[in-house]
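Notes to accompany the following structure.
The values are calculated or read from the model by the stated rules, or taken from the named source; none is laboratory data. Since the model is a prediction, treat every value here as computed from it, not as a measurement. Positions of Cβ are backbone-derived with ideal geometry, glycine not excepted, and every protein chain shown enters the neighbour counts.
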Amino acid sequence: MLLVGNPNVGKSTLFNSLTGARQQVTNAPGTTVELQVGVWRQGGGADPVRLIDLPGTYSLLARSPDERVTADAVAGSSRLGRADLAVVLVEAAGLARSLYLLAQVAQTGCPLVVALTMADVAASRGIPVDADRLAEVLGVPVVAVDPRTGAGIPELARTVEAALGAGPGSVAGIEAVADAAAADGADLAAGLAQAETLFGWVDEVTRQLAAPEPRARTASDRVDGVLLRPWVGVPVFLAVAWLLFQLATSLAAPLMDAVSAFVSGPVTDLARVLIPGPAWLEGFVVDGLLQGVGTVLSFAPLMAVMFLAIALLEDCGYLARAAFVADRAMRALGLDGRAVLPLVVGFGCNLPALAATRTLPHARQRLLTGLLVPYASCTARLTVYLLLASIFFPGHAGTAVFLMYVASVALIVLGGLALRRTAFRDLEQEPFVLVLPAYQRPRVRALLLSAWLRTRAFVTKAGRVIVATLAVVWVLLAVPVTGGHAVADVPVHDSLYGSAAQAIAPALAPAGFGEWHSAAALVTGFVAKEVVVGSFAQTYAVDEPSDPSQAGDLGAQMRATFEETSGGHAAAAAAAFMVFVLAYTPCVATLAEQKRLFGGRWTLGAMVVQLAVAWVLAVAVFQVGRLL
Amino acid sequence: MSVLEDVLREARTGATSEGIARRLGIDPGLAEAMVDHWARLGVVHQAHDVLGCSGGCPAAGATRDGEATRLPIGCAGCPMATLPRA
């Protein structure tokens, strides 16, 4: 005998109540899905019944291994064999969804009885469901039970015993269907026709039990009526994003300063005292690791504020509206609406965004979207924007960062348009429908937990990557390429790292930041964008400026360098650097994922194009910016 | 046009399941079941299933009203997807 029902209708509680300690956990045949199997001794001389608690589902059209097990067991197509009877739990407080599953079970021809749960909850909501009336409408036995108290279980036992003896009964209005392919969704047209029949039946049954009351337009509907209009929705979204960056940068600034001062002060002093042995070891730890990791750690408060703000937008239901508006805008430009979701995910991290392209139905759609994902500005790049914006655009840092996100969206749209008009002209638009969540009051615990998990992941991931990369960088800084220097005692310019960065630097001169610190930061940024900030901190820490006036904190040193390389247009050069970081390869992990998904040729081509786009845009931004 | 198709048409205009039910004059649970059916066929997307970490970490919000929520496919490969759920 099977226990079938929607998730959280009290199925497992009923199972425990019926079987007591006579139960075991076993894998469903041929799967790793766990099933609870028990023996129900009903008493009164009735034979014990083998009872299987199936995973909860809303539909037998399965979309997970758990649901597949339930669908197969109900259809009798699994190695569990054909069940003698199914006890279908119907939730009184969510009648329509339960009835749809009941109809699907009935359609398989599996005999069934109904256990009506949560009748008290339904009554308290003013939508009482009478078990006798339901039984009359359905034409099968219905027993009201409360698995928590055991109320109704003796009656359920009697009903089950009677049903097992009487043979299969049928639900009024539902005919058993032999075409398993249609029921399983394999034949779409037939499946839709069947679903339509079942939903029609559910509608009729619910109307017989209680006529639906006309519902007034809610506040949520009224807000959506305004926000979902493109000419309102887009400006509102931009305003919300701008406010978010303004709030985050101004709120987090004192916290960032405090963390930075703590790392460069007491922590560094302690490290100098504690580290024994040669000077190179102290240099490695203090100038290498502490500088890099400490600088990135100082961003943790800001990232926490950002994550909290974004989680707030999501949890209240606004972010889905933004995605909906973005979809409309994309379609207006001739781009496929389905590409919106992976791209939106890309603003969190490009790696899962590439994974999300798997939701797209066609290989070329996946490729097109996968080529655009790297232009979605991930949170790792945010650290670079924040560092440069706070140094070069003090007082307008939030606006500067906001504009980087606008630039990111512009790159995606323009890149998408260019690809659709060249290599992807044959692609047809697919329909995309996003059902919106209701607006809701944000859940404080979920918000805090979300922000905490994201911040922790940022710190630990960044920490690991930065420590590994900066350790390699430090080794490269310690290796001399000119004679007369010992290993680990070499001026930066004569080190392997310094000379390599200097070789690249001239190519960046037209963008206003053609010097080795910036070149080195961009090279290490290939590993991960979090390392860019760490690289700046490390290279400036180990490189004593020849001009004492250029000494100072990281900000002062970077300002001095950019002023020098840009001919007095440091802000334009900083903007160009940020644009370069936005447009070039996000990280090694993204390249690896792209290669896995799309092959080496496309990945190499995309990387070359990204570098070219980054260079051209950075040069354009600087050359235009210096004129302003 | 069938009710199932009416639900799809309403969803395209930008609506919640509740809003669709109100506009079509059907039970909200029925509208929700029909939206779920279209989602299972891959025709519609439900925001909490697909938006992923762009809108706060789904691993952190993995329980909604006491109900286990499936993590979006966008979370594949994300180290946070393996963290203990709320």
Taking the condition of being at pLDDT 80 or above and either within 26 Å of the chain's Cα centre (by Cα) or within 14 Å of chain B (Cβ to nearest Cβ) (or both), how many residues in the stretch A:248-274 meet it?
0
Scanning the stretch A:532-548 for residues that are part of a loop (DSSP other than H, G, I, E, B) and closer than 18 Å to A:L290 by Cβ, which turns out modelled with the highest pLDDT?
A:D543
Considering the stretch A:507-531 alone, what residues qualify as being assigned to a loop (DSSP other than H, G, I, E, B), of a type in the set (A, V, I, L, M, F, W, C) and within 22 Å of A:L627 (Cβ to Cβ)?
A:F513
Can you pull out the residues in the stretch A:70-93 that are within 22 Å of A:D130 (Cβ to Cβ) and surrounded by fewer than 23 Cβ atoms within 10 Å (Cβ to Cβ)?
A:A93
Consider the stretch B:17-34. How many of its residues are within 7 Å of another protein chain (Cβ to nearest Cβ), aliphatic (A, V, I, L, M) and either surrounded by fewer than 24 Cβ atoms within 10 Å (Cβ to Cβ) or on the phi > 0 side of the Ramachandran plot (or both)?
1
Can you find even one residue in the stretch A:578-596 that is of a type in the set (F, W, Y), at pLDDT 95 or above and part of a helix (DSSP H, G or I)?
yes
From the list A:R207, A:R229, exactly one residue is within 14 Å of another protein chain (Cβ to nearest Cβ), more than 26 Å from the chain's Cα centre (by Cα) and at pLDDT 75 or above. Which is it?
A:R207
Go through the stretch A:46-69 and count every residue that is surrounded by fewer than 22 Cβ atoms within 10 Å (Cβ to Cβ), more than 14 Å from chain B (Cβ to nearest Cβ) and assigned to a helix (DSSP H, G or I).
0
Out of the residues in the stretch A:110-136 that are among the β-branched types (V, I, T) and in a loop (DSSP other than H, G, I, E, B), which is nearest to A:P154 (Cα to Cα)?
A:V129
Just checking: which of the helices (runs of 4 or more DSSP H) contained wholly in the stretch A:343-403 hold 2 or more residues that are modelled with pLDDT of 85 or more and either surrounded by 24 or more Cβ atoms within 10 Å (Cβ to Cβ) or not assigned by TED's automatic domain parsing to the domain that holds A:L604 (or both)?
A:363-372, A:379-392
Looking at A:V39, A:V74, A:V88, can you tell me which residue is of a type in the set (A, V, I, L, M), assigned to a strand (DSSP E or B), more than 14 Å from every other protein chain (Cβ to nearest Cβ) and within 19 Å of B:D36 (Cβ to Cβ)?
A:V88
Contacts under 8 angstrom Cβ, first residue in the stretch A:463-477 being within 10 Å of A:G534 (Cα to Cα) and of a type in the set (S, T, N, Q), partner surrounded by 22 or more Cβ atoms within 10 Å (Cβ to Cβ) and at pLDDT 75 or above, 6 or more apart
A:T469/A:T524; A:T469/A:A528; A:T469/A:V531; A:T469/A:G534; A:T469/A:S535
From the list A:F199, A:F245, A:F284, pick out the single residue that is of a type in the set (A, V, I, L, M, F, W, C), within 14 Å of chain B (Cβ to nearest Cβ) and in contact (Cβ under 8 Å) with a residue 24 or more places away in the chain.
A:F199
If only one of A:S535, A:S518 is touching a Gly at 6+ places or on another chain (Cβ under 9 Å) and crowded, with 17+ Cβ neighbours inside 10 Å, which one is it?
A:S535
Test B:G77 against the stated conditions and say whether it is at the interface with chain A (Cβ under 7 Å from one of its Cβ atoms), part of a loop (DSSP other than H, G, I, E, B), modelled with pLDDT under 85 and more than 20 Å from A:D315 (Cα to Cα).
yes
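The rows are residues; the columns are (1) under 37 Å from the mean Cα position of the chain (by Cα); (2) closer than 25 Å to A:L164 by Cβ; (3) not charged (D, E, K, R).
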position	(1), (2), (3)
A:G81	no, yes, yes
A:D84	no, yes, no
A:G94	yes, no, yes
A:Q104	yes, yes, yes
A:D120	no, no, no
Any residue in the stretch A:347-360 that is more than 7 Å from chain B (Cβ to nearest Cβ) sitting within a Cβ distance under 9 Å of a residue that is in a loop (DSSP other than H, G, I, E, B)? List the pairs, counting only those 6 or more apart or interchain.
A:N350/A:A376; A:N350/A:C378; A:N350/A:P586; A:N350/A:C587; A:L354/B:G77; A:L360/A:D336; A:L360/A:E430
Tell me, yes or no, whether the stretch A:264-273 has at least one residue that is of a type in the set (A, V, I, L, M, F, W, C) and buried (at least 18 other Cβ atoms within 10 Å of the Cβ).
no
Mind checking which pairs have a first residue in the stretch A:137-163 that is outside the structural domain of A:N8 (by TED's automatic domain parsing) and part of a helix (DSSP H, G or I) and a second that is buried (at least 20 other Cβ atoms within 10 Å of the Cβ) and among the hydrophobic types (A, V, I, L, M, F, W, C), Cβ under 6 Å, 6 or more apart or different chains?
none
